1. How many nm separate the modelled label positions at Thr56 and Lys85, each set 7 Å beyond the Cα in the direction of the Cβ?
2. Name the long-range amide H neighbours of His71: under 5 Å, sequence gap of 5 or more, or other chain; modelled H, no Pro or chain starts.
3. Rg over Rh of the range 44-98, using C-alpha atoms and the Kirkwood radius, what does it come to?
4. Ordered by residue, what ³J(HN,Hα) values in Hz, to whole numbers, does the range 101-107 give under the Karplus form 6.51 cos²θ - 1.76 cosθ + 1.60, where θ = phi - 60° and Gly and Pro are x?
5. Please list, short to long, the whole-number percent of alpha-carbon pairs of the range 159-198 in consecutive 5 angstrom bins beginning at zero.
6. Quick query: amide H of Asn153 versus all other amide H atoms, modeled in the peptide plane; which residues come in under 5 Å with a sequence gap of 5 or more or a different chain?
7. Can you list the residues, at least 5 places off or on another chain, whose amide H is less than 5 Å from the amide H of Gly83, using H built in the peptide plane?
8. How large is log10 of I(q)/I(0) for the range 27-141 at q = 0.09, 0.17 Å⁻¹ when the intensity is taken from the Debye formula with one equal scatterer per alpha-carbon?
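The values are calculated or read from the model by the stated rules, or taken from the named source; none is laboratory data. These numbers come from a predicted model, not from an experiment. Using ideal geometry, Cβ is built from the backbone for each residue, glycine included, and neighbour counts are taken over all protein chains shown. Quick note on the areas: whole protein, heavy atoms, side chains included, nothing else; ligands and nucleic acids left out. Shrake-Rupley method; radii C 1.70, N 1.55, O 1.52, S 1.80 Å.
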Amino acid sequence: MNYEELIESRNGAAMAKESMSFGLLYKKMTDGKYSNVIDLREDLRDSLVFCEALSTECEMNKQLVHKNQLHFMLAADSSGLYGMKVEQGSFHTFARLLEDSPAVVAGKNFIINVMNSLLDLTSFLHDQGVFHICYAPGNVLTRKGDHVPMLLNHGSFYRMMNDQEMLYGDDVAFIAPEVLEEGTFDSRADIYSLGKFMEYLYCQSEVPYELKGVIEKATNPDPEKRYQTPEEMRKAIADRLIVRRSVVSLLVALFVALLVFGVYFSLVPERENIEFVKPASGDNNERLYDDDYDPLTELGNPVDTMVGKIDDRKMKEYQAKAEQIFRKQFTREADRILSKIYNDERMGKTERNFMATSQMTMQELVKAQVRLGNDAGLSESRSQLIAGQIIDQVTGRLKSQMQQREKQKEQEENEETNPKKQ
């Protein structure tokens, strides 16, 4: 692409017009500089009530100082008022954003961050006695690049317009029923429109189960059954997300517990069934040995069998020392082996990969138990029992560390998704 083509492409993008409730938004070149302009609809230019309301809002707009509030000036010529000049910046509507990049809604916390920003601005507007009324995707702007939502005109300035359907055109689906039928402008009307906007953000995907209830309550036709304030709606969203994280953490903990029990019982020795031999039946008069049979002579003097036998106390000391060595070595091996599966990276894998790794870990633990038990001179049953105890201790410690990291992560995410009111 040569220089001329680059300039032509840039100018074409700058002149692209986007439809908003009151007119068309585009960039207009004046004295070699581009500025944001909204050309009002022709039917609105001819409405004296609308033009007076727009002039009133322009004066009040200067006092609405908020990071998500845009400001404007009136644009007029010899024929009268024809449009608005919006503050500097690169903006487009949410309708255009989702049309060009529908996958953006799948970004981490995208929808939650957008809703929190709008709810924060709405609370600010309500404190000033202003109601936005229509949160249609063509009526909510955003900066190009960071997707921060911005608002411009607010519907409560135009309550004197008798025909709200004419004022908002195709965006009436985002307006509360009481506004269209009774001309009622209050915070609950904004809650309804915000619920419709949130529902629109999920138009290309299924609404998460925990947020369906929030949208249903916000868009209830009866104003009394909706959330009464933006803060109440924001809290409901945050609470639902916390419940979802808790359920996921509980399921993960349950799976880990079942895995630990499986490893433990695989190491505990099975009880052997001992078959007792019944005494041989025979004639009571039958002699089992001769009269000259002497058990002391045949079996040897029991005193002689004790010669050279190691003292029982010494044997216990040797056994305790062997168990101490085995415990120390196997604890180190168990910690190394179990750390392969009880970590944030491994817990985030699919269930299939997690189970495969767990099976390999179990086999490795068994091999380590047999090898270290033989080196320490312990019986297999004794080494298995001690190994089971050590695995319980190591697993409990690793699980506790994971839970602490999860709590810290949840706290950080809550701080991100619940920003302090500006």
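1. 2.5
2. Glu87
3. Numbers: Rg = 13.1 Å, Rh = 12.9 Å.
On the Cα set of the range 44-98, Rg over Rh gives 1.02.
4. The phi angles translate into 9, x, 6, 5, 5, 7, x Hz.
5. Percent of Cα pairs in each bin: 6, 26, 35, 26, 8, 1.
6. Close amide H contacts, sequence-distant or interchain: none at all.
7. Long-range HN contacts for Gly83: Leu40, Ala75.
8. -0.31, -1.05
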